[in-house]
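Coordinate-derived values only; no laboratory data. Just so it is clear, the structure is predicted and the values come from calculations on it, not from any experiment. In this analysis, Cβ positions are derived from the backbone assuming ideal geometry, glycine residues included, and neighbour counts consider all displayed protein chains.
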Amino acid sequence: MAKSAQQSKKLVIPENEILAFAIDHETPVYLYDEALIRSICKKLKASFNWAPGFKNYFAVKATPNPSILEILKDEGFGVDCSSMAELMLAELVGFSGNDIFFTSNNTPLDEYTKAKGLGAIINLDDVSHVEFIHETIGLPDLLCFRYNPGRSRTGNVIIGDPENSKFGMTKNQIFAAIEKSLNLGVKKFALHTMIISNCLNESEIFANAKMMFDLVVEIFEKTGVNVETVNCGGGFGIPYRPEDRDFDLDTLSRNMQEYFKGLLTRDGVKPFNIVFECGRYITGPAGMLVTRILHLKKSYKNFIGVDANMANLMRPALYNSYHHIVHIKDPNYGIINSKLKRSLSEQSQDGVYDVVGSLCENNDKLAIDRFIGHNVEIGDLLVILDAGAHGHCMGFNYNGKLRSAEYLKTSSSSGSLIEIRRRETLNDYFSTINYKCSK
Ligand SMILES: Cc1ncc(COP(=O)(O)O)c(C=O)c1O
């Protein structure tokens, strides 16, 4: 729905710093703020300081950049990997052993081999993989199983409803997997679930935790196995819209603590480690995509054409997600490149636009019917907020579009922006092609 006035949302990196940066750096570009990432980490750790073995295994897929992972390592986080490349990134930064969760699905053998080699906690998506690992690389001492509660729970648009989701095992399969693993010499067990994403309602995450805690008790009562670690997944939401409320971490923590204490009064149930694997909550708010206005167009609607597109940020096209956009007038534009002139033509009267990229895809829209501002001109900057997770990493090369650079504003005293990934070039694009011109 169009908004007549732009509700505010704070820029994590101040406008003057973005403008100064944009003088001599190409757009589109991702900027991240280390100080904010660290403060979110600290808040999460402080909130769960009561929980045995508490750790957040950062979902590497959210922001797979080693410079970011290094910050998280320094904050005492682990990593949650889902592929060979993510395992290699974790290794590069120095994660090993129980600081790595390997949560994959339809997993190739070489990825299991790598995960086992790193000593990662291997989280199986299917009961048949117990046998598969046993017969190939051998089972580790500790195994984790991913639980899918099916019809008893609802999911959401990003993950889908559990019953139709490709992830995880039924409860009967979890029991079968434990029995089989015990027979094959596995000694320790962990449980995992991930059925919800970008959830701002802490009571839904609490319902997940309760479900998992109850499963621990049921497993103990039926098999005598004390599960060692419960991974309640990620999925904590962030307020993408100005009117969204913050995720209430402390209420979640308090409810989980109370429920956990209650469980431990049951005969024989031992304390277990409680962990999460949040990605978006940690880095989402700390990242922004800065893009420049290339053209203004009016047909049946008013369009702002920017130099970013859905290959730089796919979430709006894929999930119809909202990312708040802040319009910045750039007084330096035109000084930088005198061939490019400002234009006041084709402005929308009410300041409402579709913000579009240049892909040959009609859903290449970063915002639809959005109030961007009055006096929008070619050469201005648009800052797309809360893009620090599941943003740059979902990029792709359709239409030969190239991924943008990533910069980190360090929390050192200079607060400088350092390049942590360069832009892709056309040479990168052509480097995988095998073609000899026959002419
Ligand atoms: C298995 C698993 N864990 C954790 C996450 C992280 O989710 P979020 O970034 O929403 O916390 C994902 C996201 O896709 C996931 O698939």
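For a protection proxy built on the mean count of beta-carbon atoms within 10 angstrom, sort 308-320, 384-396, 266-278 highest first, please.
384-396, 308-320, 266-278
Which cross-chain or sequence-distant (5 or more) residues have an amide H under 5 Å from the amide H of F58, H modelled 1.01 Å from N in plane?
Amide H neighbours of F58, under 5 Å, 5+ apart: G78, V79, D80.
Along the Cα-to-C-beta direction of K270, a point sits 7 Å from the Cα; which residues of the stretch 197-229 have their amide N less than 17 Å from that point?
216-229
Describe numerically, in nm with one decimal, the distance between label points set 7 Å from Cα along Cα→Cβ at I418 and at L294.
3.2 nm
So which GluC sites (Glu not before Pro) in the stretch 1-62 pass both tests, a DSSP loop state and at most 13 other Cβ atoms within 10 Å of the Cβ?
Passing sites in the stretch 1-62 are E26.
What are the residues whose amide H is under 5 Å from the amide H of L366, where those residues sit 5 or more places off or on another chain and H is modelled from the backbone?
For L366, whose amide H was placed from the backbone, the distant partners under 5 Å are V355, V356, G357.
How would you rank K55, K210, going from fewest to most other Cβ atoms within 10 Å of each one's own Cβ?
K210, K55
Kindly state, to the nearest 0.05, the FRET efficiency for E221 paired with W50, given R0 = 22 Å and r defined as their beta-carbon distance.
0.30
Set the Förster radius R0 to 25 Å, insert the Cβ-Cβ distance between S8 and Q349 as r into 1/(1 + (r/R0)^6), and round the FRET efficiency to 0.05.
According to the calculation, E is roughly 0.70.
Starting from the Cα gyration tensor of the chain, take the square roots of the eigenvalues, sort them a ≥ b ≥ c, and report rounded, prolate or oblate (rounded when a/c is under 1.5, otherwise prolate if a/b is larger than b/c, else oblate).
Because a/c hits 1.5 or more and a/b exceeds b/c, the chain counts as prolate.
Using the basic label-point model (7 angstrom from Cα toward the beta carbon), what is the K301 to T136 distance in nanometres?
4.6 nm
Between I23, I174, I325, where does the largest GNM mean-square fluctuation fall for the chain, given springs only between Cα atoms within less than 10 Å?
Highest fluctuation among the options: I23.
Of I68, M194, L382, which is farthest along the charge dipole of the chain in the positive direction, counting Lys and Arg as +1 and Asp and Glu as -1 at C-beta?
L382
Calculate, for F396 and L182, the FRET efficiency according to 1/(1 + (r/R0)^6) with r their C-beta to C-beta distance and R0 60 Å; round to the nearest 0.05.
With a Förster radius of 60 Å, E is 0.90.
May I ask you to list, by number, the DSSP H helices of the chain whose Cα span along the axis is at least 24 Å and whose average Kyte-Doolittle hydropathy reaches 0.0 or more?
For the chain, where a helix must reach 24 Å along its axis and average at least 0.0, the hits are 202-223.
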